[in-house]
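Where a number appears in this text, it was derived from the coordinates with a stated rule and is not lab data. Everything quoted here is computed from the prediction, not taken from an experiment. All Cβ positions, even for glycine, are placed from backbone atoms using ideal geometry, and neighbour counts span all protein chains on display.
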Amino acid sequence: MEGIDGHSAACCNIPPVISEGYEPRGKYETLGGLKTYVTGPASAKKAILVIYDIFGFFPQTIQGADILAAAGDYQVFMPDFFEGEPADIAWYPPITESQKKALYSWFPSRVPATGVTKIPAVLAEVESTYGKKVWAALGFCWGGKVVALTSGVDTPWKVSAQSHPGMLDAADAAKVTIPMCVLGSEEEKAEDLEAFGNALKEEKHIERFDDQLHGWMSARADLADEEVRKEYERGYKTVLEFFAKHF
């Protein structure tokens, strides 16, 4: 495991996290044919593509995008890859037969590869609208797999990160050609996270947040819980420090 050297003043002074009634700082635009949450200065030369989890636009995830934008000179974009049809958070965790049926029937037409195919059009329209950007990517769960699949040869990203990643596969890690940060939760198997980290050839930061549930940096974050809020903040700071080092 590799640590993070140095500290960025901007990264260490992220806006206060709001537990309820968060009011987004950005706006929605249509980019690449997709409704996209856009936040941060339009003049920024660096951009971050945030790829949400299966629950789509959620206040906790939107607040995270605003944190990223506020912590550096970054413009942040979060496209709606599910086109208005995210999974219902009431299905998760899938315990009852009805929950399982709903969740498992939702997935087949929304595998991570569908997100991969939509990225080029989004990036092209962003740059047509706002000018050339240097790109980073951050993905949560489902979005983490999309990030893993797009961080290999010919990647558009200079650096990438995954938090509570879905479908960890060391074979994906072996193809990664850029620095990558991977933050796991208590629900990812420690051996899978270790294997993924060991397969990464470029600079990396691998860390397991042992007392946090899957989704603590996005839709499932209970920000009214002080300890969860602290770890939510620490997760974003960790990603931002890694991006500051390599981006």
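Miscellaneous remarks
- Taking Cα centre as origin and charging only the Cβ of basic (Lys, Arg, +1) and acidic (Asp, Glu, -1) residues, the dipole magnitude of the chain rounds to 880 debye.
- Exceeding the 27 Å Cα-Cα cut-off - candidates K45/K245; K35/K175; K27/K100; K101/K175; K101/K189: K35/K175; K27/K100; K101/K175
- Lys/Arg +1, Asp/Glu -1 at C-beta; segment 147-247 dipole; positive extreme among G215, C181, S163: C181
- Distance between the modelled labels on E191 and W106, one decimal in nanometres: 3.0 nm (7 Å Cα→Cβ projection).
- CD proxy at 222 nm, helix term only [per DSSP H run n ≥ 4: -39500 (n - 2.57); per residue of the chain; nearest 500]: -10500 deg cm²/dmol
- Distant-in-sequence amide contacts of G56, defined by a placed amide H-H separation under 5 Å and a gap of 5 or more residues or a different chain, comprise A87.
- Full-stretch length increase - T117, A171 - with 0.36 nm per residue and alpha-carbon distance subtracted: 17.4 nm
- Rounded Å value of the spacing that divides the Cα centres of segment 82-116 and segment 181-213: 24
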